[in-house]
Every structure is written in C-alpha cells, then in structure tokens.
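Readers should treat all values here as calculations from the given coordinates under stated rules, not as data from a laboratory. Given the structure is predicted, the values throughout are model-derived calculations rather than measurements. Backbone-built Cβ (ideal geometry, glycine too); neighbour counts: all protein chains shown.
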Amino acid sequence: MDMLRSESQANGLHQAWHDLRQNNPRLRARDGARQLGVSEGELVASGCGRTAVRLKPRWQSLLHALGSLGPAMALTRNEHAVHERHGRYRNIRVFGNMGLVLDDGIDLRLFLAHWHHAFAVTEQGADGSRQSLQVFDSDGTAVHKVYLTAQSDGAAYQDLLERFRDPDQDPVLNVFARPPAPPPQPEETIDVAGLQRHWDALQDTHDFHDLLQEFGVTRIQAMRLAGSERAREVGPDSLQQVFESARDADLPIMVFVGSPGVVQIHTGTVKRLYEVGEWYNVLDPAFNLHLRQPAVSSAWMVKKPTVDGPVHSLELYAEDGQLILQVFGARKPGKPENVGWRSLIQCLQPFRART
C-alpha cells in the first residue's frame with residue numbers, strides 16, 4: 001500500500017486491520033502493518049476516533065504527566081528485540097532534545113528528535129482490552145510505548161488524554177521515509193592505529209559514539225579493527241550462556257535495547273529463561289525480553305576503559321550491522337565493574353566459523 005493520502009484510505013486500512021485481528025487476535029500492530037504495507041504509525045493513526053486519540057507532541061509536559069499513571073509497563077523495541085519493564089515514570093529530566101527517566105524500575109535514555117507523533121491507543125486482543133500511549137518517529141516507526149497495568153491509575157490516564165488531546169484527529173498520518181544510511185567507509189582508508197589509541201583513551205562508555213564519529217566507522221567496523229584485546233567475536237549463542245550463568249550466580253546485570261528514540265535499560269537479575277520457537281525470552285515479573293535468535297548475525301565481547309576501570313559488555317548485531325542489544329554487569333557510576341561479571345563474560349569462547 002502506498003502512503004495514505006485520504007480519510008477513505010485510512011478507513012479502509014482500519015477495516016483491513018480489524019479483519020486481520022479477527023483471524024489472529026495475537027497479531028501485533030508492527031507485524032500487521034508490515035502485512036498491510038504501511039508503517040505502524042499509519043496503522044495506529046487510522047483508528048483515530050475509534051481506537052486511537054492523537055495527542056499533542058508536547059514531549060516534556062507529556063513525560064512528566066506519565067508519573068501520574070503510577071505503576072506502568074514501558075516497552076521499547078527494535079526489529080529483533082523487545083524490552084518490557086514494569087515501574088514508574090519518575091526522576092524525569094529533559095534538556096533540549098535529550099532526556100532521562102531514572103527510576104529504579106523504568107530507566108530510559110531519550111532522543112526526542114525522533115519523537116514526532118503520539119497516540120493513546122485501546123486494543124482489543126485475545127486477553128481483553130489494553131490501553132497504552134504510543135510514540136512514533138517521522139517515518140511511522142514506534143519509538144516507545146507505555147502500557148497501563150492493573151495497578152495503574154485509570155482516572156489519571158483519562159485526565160492525561162483530555163489534557164493532551166490534539167484538536168487534529170485526522171486518521172491520516174503523514175510519514176517521511178528515513179534517508180538511507182551512507183555506505184560504510186572502505187576499511188583500507190581507516191586510521192586503525194588512531195582508532196585504537198582513541199579507544200584506549202576512552203573515559204566513559206558513552207564516549208564510544210564520539211569515537212565512531214571521529215573515525216567515520218560503523219560499530220561493526222570498530223569491533224573488527226579494534227584488536228582482540230578490545231573486542232572479540234564470540235559465539236552467536238553467547239547471550240544464552242551469559243543469562244544462564246548470571247541466573248545461576250544470582251548476578252545482577254544491565255540489559256539495553258534501543259529504538260531510534262529511546263534506549264531502555266533493565267538492571268537486576270534474570271530468572272525465568274525460555275526458548276519458544278525462534279524467540280529467546282526472559283519472562284520475569286518485572287522484566288520481559290524477547291530476542292529473535294536467527295536475527296543475530298554476530299556477537300562481540302567488548303572491553304572499554306573508563307575512569308572507574310575497564311568495563312566489559314556483550315553486544316549482539318544483526319546482518320545489516322545494527323545493534324540489537326547490549327548486556328553489562330550492573331554497576332553505579334563511580335564504582336568499578338563487578339568482578340563476578342568480569343569473570344563470567346571473559347569465559348565466552350572466541351567465535352570460530354564452521355568450515
């Protein structure tokens with residue numbers, strides 16, 4: 001389907017989505033949108049006046065208003081991993097196009113330049129009705145969702161809807177294709193020695209983005225060129241090994257999953273680990289993770305220096321080089337890395353391709 005341009009097209013899309021759900025009540029909007037040839041944002045917007053309410057894009061005020069909901073579930077995903085965390089929206093800070101949510105449960109890094117559209121959504125599914133707030137990028141990609149739970153304040157949710165209801169309830173959502181990423185720089189033109197020196201001089205894991213920018217490299221290129229003492233490719237099943245070892249040792253970890261507009265973090269233990277078909281899952285009371293295992297093209301054990309000492313992580317990448325998720329040992333700023341985590345991750349074996 002081409003980009004929607006009329007209300008009648010939007011009504012047709014909404015009906016097509018309704019029909020799909022009748023046949024498959026558990027079908028997710030992201031997958032339904034793909035089947036119908038539109039973005040998820042367009043699919044959600046087509047329900048305006050019925051299943052969706054368009055909200056004013058007043059991001060700072062809206063973020064602070066989320067605190068009134070009480071306990072909620074935050075969901076951030078990319079193409080291959082879904083991160084769900086229960087908690088409260090508290091300790092919210094916004095500075096320009098950046099923001100933070102720093103509750104013990106819900107821990108987010110916000111990139112508000114990718115926040116363009118917001119809707120309050122009511123979904124009827126196999127398990128009944130669900131209410132949520134959903135934010136989308138300019139191309140209709142979902143960047144973050146907030147789901148009400150049985151413990152949420154329903155009256156506060158209704159107040160939020162009335163406060164932020166947009167006068168424009170057009171079911172047509174104008175989306176703009178994201179420009180393609182530039183082709184990677186040929187590796188023979190990269191200053192490898194300079195990249196390694198810069199890597200060794202890192203003061204904080206957040207400085208890694210500056211390294212990529214300075215040398216014009218992708219994350220995967222940086223991994224390959226860093227040298228095995230800084231980044232070592234490990235087996236594609238390394239996440240399962242790490243989670244199972246952390247579970248058995250009752251070791252708290254940090255699990256990061258990002259969309260274009262949010263990085264969502266779980267800090268704590270993982271306990272209930274399950275494989276279901278192609279998905280590897282954490283199904284704990286406050287934290288769920290769903291990873292599409294065949295999408296993992298490579299996994300890397302990464303060591304970065306910081307002012308608090310070296311920090312090790314496991315990073316999973318898709319075939320197109322996109323970062324799927326990261327796992328660190330749980331730690332607070334100003335504290336060194338947990339030695340139990342360091343021992344655990346250093347036990348991962350180097351990847352050896354089958355011949």
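Of note:
- Cα shape, segment 1-107, gyration tensor, a/c 1.5 rule: prolate
- Sparsely packed loop sites in segment 164-220 (the chymotrypsin sites (Phe, Trp or Tyr not before Pro) outside DSSP H, G, I, E and B with at most 14 other Cβ atoms within 10 Å) comprise Phe176.
- The residues packed around Val302, meaning those with a beta-carbon under 9 Å from its beta-carbon, carry a net charge of +3 if Lys and Arg are +1 and Asp and Glu are -1.
- Within the chain, the longest run free of trypsin sites (Lys or Arg not before Pro) that sit in a DSSP loop with at most 10 other Cβ atoms within 10 Å is 27-351.
- Relative contact order computed over the chain (Cα-Cα under 8 Å; 6+ residues apart), in percent: 17 percent
- The label point for Val339 and the one for Ala150, both projected 7 Å from the Cα toward the Cβ, are 4.4 nm apart.
- Contour minus Cα-Cα distance for Cys347 and Gln240 (0.36 nm per residue): 37.2 nm
- Using alpha carbons only, the radius of gyration of the chain set against its Kirkwood radius gives Rg/Rh = 0.98.
- Taking other C-beta atoms within 10 Å as the exposure proxy, Ser68, Ser132 rank Ser68, Ser132 from fewest upward.
- Leading residue at positive end of dipole, the chain (Cβ point charges), from Phe208, Ala295, Tyr274: Tyr274
- Between segment 308-326 and segment 203-274, the alpha-carbon center distance in angstrom: 3 Å
- Length released on extending from Gln185 to Leu100, taking residue separation times 0.36 nm less the Cα-Cα span: 27.4 nm
- Asp250-Arg90 FRET efficiency (beta carbon distance; Förster radius 25 Å; 0.05 resolution): 0.40
- Normalised by 2.2 N^0.38 Å, with N the number of residues, the alpha-carbon radius of gyration of segment 78-226 equals 1.38.
- Segment 187-346, relative contact order [Cα under 8 Å, separation at least 6], %: 22 percent
- Size of segment 187-346: Rg and Dmax of its alpha carbons, in Å, are 15.6, 49.
- The lysine pair tally for the chain, using Cα distances under 18 Å and a gap of 8 or more places or different chains, is 5.
- Label-point separation in nm, Val307 to Asp204, each point 7 Å along Cα→Cβ: 0.8 nm
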